[in-house]
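Following: one structure in C-alpha cells, then a few remarks.
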Amino acid sequence: MTFKYFDKPEVFTGLRDSITTCNLCGEDKLCFDAEAFFGEEDISSICPNCLESGKLRDRDIFTCEGDIAELKRQLKTLNPLLKDLEIENIALQKTTELEKTTPHIITWQDWRWPCADGDYCKFIGYGSKPFYNSLATALSGERLFKRSFYYNIKDDSDIDYLWYEVLPEKEVKDYNDSNNLTTLFYVFKSLNSNTIITLWDCD
Ligand SMILES: [Zn+2]
C-alpha cells in the first residue's frame with residue numbers, strides 16, 4: 001500500500017477486520033473505515049485502491065484538512081517570482097490531493113495536516129522516545145523532538161515536560177498501541193528534506 005502523504009496505513013490506521021463492500025467500486029474487499037471522513041456525503045467503506053486512485057475527487061468527502069495558509073506562505077517564500085494566482089493553484093492542487101487520497105488518522109482533536117518545504121508532510125508514525133532516537137542522526141532524540149514541534153503549537157507546549165513525563169518510553173508500533181494512549185504524538189516527515197514535524201493532542 002503506497003500513499004504519498006501516509007506511510008504504512010495498514011499499520012498506523014488499519015483496515016476493517018472483515019470484508020465489506022467498497023462504496024466507490026462496489027467490490028467486496030478489506031476496506032478502510034470511512035465513517036469518520038469529513039464532508040457532506042457519507043460513506044462507510046472505501047478500499048485502498050479507490051482512495052489512492054482519487055475516487056473521492058468528485059465527491060463532497062475528504063479525509064483530513066491541510067494547513068493551506070502555511071503551505072501558501074512556504075510556496076511564496078520558495079518561489080518569490082510566482083504570481084499569487086499560481087501559488088494559489090499549486091496550493092489547491094496539493095491540498096486536494098492530500099485531502100482526497102490520504103488515509104484518515106484517528107485523532108483526539110481536529111488539527112490541520114502540517115507542511116514543510118512547500119508540500120504537505122508524510123505521516124510516518126506515532127511518537128515515542130525510541131522512535132525519535134531512531135530518527136535522530138546529527139542530534140539527540142530529545143533535541144530532534146524539541147525542534148520538530150510545528151510552528152502553531154511550539155509556544156503553547158511545555159516541550160521539556162512532554163519529553164520527560166508524557167512521551168511514551170516504549171515504541172507505539174501500530175494503531176492498537178495508539179488506541180491505548182490518551183496523549184498522542186503524530187510524527188511527520190517532509191517529502192523534500194529530512195525535516196521532522198511533530199503534532200500532539202490528548203483526550
Ligand atoms: Zn473500491
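At a 10 Å Cβ-Cβ cut-off, how would you order ILE106, ILE196, fewest neighbours first?
Exposure proxy ranking, most exposed first: ILE106, ILE196.
Farthest toward the dipole's positive end in segment 121-203, which of ALA136, ASN179, ILE159, given Cβ charges of +1 (Lys, Arg) and -1 (Asp, Glu) about the Cα centre?
Of ALA136, ASN179, ILE159, it is ALA136.
Round to the nearest 0.05 the FRET efficiency obtained for ILE106 and LEU82 when R0 = 25 Å and r is the Cβ-Cβ distance. Walk me through the numbers on the way to the answer.
On the way: r = 36 Å, r/R0 = 1.45.
That gives a FRET efficiency of 0.10.
State the answer as a single residue: which of THR102, CYS115, LEU24 lies farthest towards the positive end of the charge dipole of the chain, with beta carbon charges of +1 for Lys and Arg and -1 for Asp and Glu, about the Cα centre.
CYS115
Given SER190, ILE68, PRO48, which one lies farthest toward the positive end of the charge dipole of the chain, if we put +1 on the Cβ of every Lys and Arg and -1 on the Cβ of every Asp and Glu?
Positive-most Cα among the choices belongs to SER190.
From the C-alpha coordinates alone, can you work out the Kirkwood hydrodynamic radius of the chain, in Å? Please report the intermediate quantities before stating the final value.
Details: mean 1/r = 0.0560 Å⁻¹.
Across the chain, the inverse of the average 1/r is 17.9 Å.
From the backbone phi of segment 95-106, what are the Karplus-calculated ³J(HN,Hα) couplings (6.51 cos²θ - 1.76 cosθ + 1.60, θ = phi - 60°) in whole Hz, Gly and Pro given as x?
Result, rounded to whole Hz: 5, 4, 4, 4, 6, 9, 10, 10, x, 8, 9, 6.
Can you tell me which of 151-161, 120-130, 87-97 comes out highest on packing, and rank the rest after it, using the mean Cβ neighbours within 10 Å?
Going from most to least packed, we get 120-130, 87-97, 151-161.
Using the Karplus curve 6.51 cos²θ - 1.76 cosθ + 1.60 with θ = phi - 60°, what ³J(HN,Hα) values do you get for each residue of segment 117-133, in whole Hz, with x for Gly and Pro?
Each residue of segment 117-133 in turn: 6, x, 8, 6, 8, 9, 6, 10, x, 8, x, 7, 4, x, 5, 5, 4 Hz.
Can you tell me the FRET efficiency between SER44 and THR2 if r is taken as the Cβ-Cβ distance and R0 is 35 Å, rounded to the nearest 0.05? It would help to have the intermediate numbers written out before the result.
Numbers: r = 24 Å, r/R0 = 0.68.
Here the calculated transfer efficiency is 0.90.
With +1 on each Lys and Arg Cβ and -1 on each Asp and Glu Cβ, how big is the dipole of the chain about its Cα centre, in debye rounded to the nearest 20?
The calculation lands at about 840 debye.
Where a number appears in this text, it was derived from the coordinates with a stated rule and is not lab data. Because the structure is predicted, anything quoted here is derived from the model rather than measured. Glycine gets a Cβ as well: all are built from the backbone with ideal geometry, and neighbour counts include every protein chain shown.
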